[in-house]
Amino acid sequence: MDPLPNPAPLASKLRNTLVRYHSIGDSEWRVAKKTKDATVWRKPSEEFSGYLYKAQGVVEDVTNRIVDHIRPGPYRLDWDSLMTSMDIMETFEENCCVMRYTTAGQLWNIIAPREFVDFSYTTNYEDGLLTCGISLDYGEVRPNFVRGFNHPCGWFCVPLKDSPGHSLLTGYIQTELRGMLPQSAVDTAMSSTLANFYSDLKKALKA
């Protein structure tokens with residue numbers, strides 16, 4: 001188990017990585033799934049042998065409220081159907097923490113429940129916010145869970161210029177689920193999970 005990293009350089013590196021992902025040209029992405037709420041694209045990840053996913057959709061709410069529902073805190077567990085538990089293990093500053101969370105089994109339990117320990121950081125980005133994270137090798141793995149690993153991931157949320165009560169939410173996710181899994185099952189699960197994330201989030205914001 002590694003010691004906890006110094007948060008400032010890790011937060012800076014993480015932000016820079018996500019901003020770089022955000023500047024990748026459209027031609028490098030391939031559509032993986034489209035729903036009325038979001039479009040999901042993918043491209044080969046530079047971090048591991050799977051894919052980097054991009055998801056994007058317009059959400060009817062203000063930026064701060066949307067990000068409060070996504071980042072570690074009391075809202076996320078209430079509405080995210082995949083997440084089954086969440087604990088804040090360490091808090092460095094108001095916008096920076098280490099959290100441990102667990103996810104439910106997927107695809108009729110072909111993908112068993114997973115556990116993640118992530119460094120999470122929320123910061124300003126243009127007129128909106130960026131909340132981002134990366135997994136750490138920290139803490140004991142709980143029984144009955146496989147420890148997954150999130151390579152740099154995050155959500156950009158910025159108000160629409162002509163409609164400030166709506167926000168453009170763009171996510172970049174590259175999750176290494178680990179365990180003996182067929183890649184096709186992982187790809188199906190990731191695309192569906194990201195599309196469902198938008199529909200679940202919209203319902204929660206309207207509740």
What FRET efficiency, computed as 1/(1 + (r/R0)^6) with R0 = 41 Å and r the Cβ-Cβ distance, is obtained for Ser27 and Asp87, rounded to the nearest 0.05?
0.50
Stretchable slack from Arg142 to Asp187, in nm (0.36 nm times residue separation minus alpha-carbon distance):
13.7 nm
Of the GluC sites (Glu not before Pro) in the range 118-207, those whose Cβ has at most 13 other Cβ within 10 Å and which sit in DSSP loop:
Glu126, Glu140
Amide H neighbours of Tyr125 under 5 Å, counting only residues 5+ apart in sequence or on other chains, H built in-plane at 1.01 Å?
Leu130
Could you compute the longest span of the chain free of trypsin sites (Lys or Arg not before Pro) located in DSSP loops and having at most 14 other Cβ atoms within 10 Å, not counting the site residues?
37-160
For the range 111-117, Karplus-derived ³J(HN,Hα) couplings (6.51, -1.76, 1.60; θ = phi - 60°; whole Hz; x for glycine and proline) come out as 9, 6, x, 10, 10, 10, 10
From the backbone phi of the range 166-181, what are the Karplus-calculated ³J(HN,Hα) couplings (6.51 cos²θ - 1.76 cosθ + 1.60, θ = phi - 60°) in whole Hz, Gly and Pro given as x?
10, 10, 8, 10, 10, x, 10, 10, 9, 9, 9, 6, 6, x, 8, 10
How high is the FRET efficiency between Ala112 and Asn6 when r is their beta carbon distance and R₀ equals 22 Å, given to the nearest 0.05?
0.05
5 Å is the cut-off here: which amide hydrogens, built 1.01 Å from N in the peptide plane, fall below it relative to Ala38, excluding neighbours closer than 5 in sequence?
none
Highest-MSF residue in the chain out of Leu130, Leu18, Leu160 [GNM, Cα springs under 10 Å]
Leu160
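Each value in this text was obtained by applying a stated rule to the coordinates, not by laboratory testing. A quick note: this is a predicted structure, and the numbers were derived from the prediction, not measured. In this analysis, Cβ positions are derived from the backbone assuming ideal geometry, glycine residues included, and neighbour counts consider all displayed protein chains.
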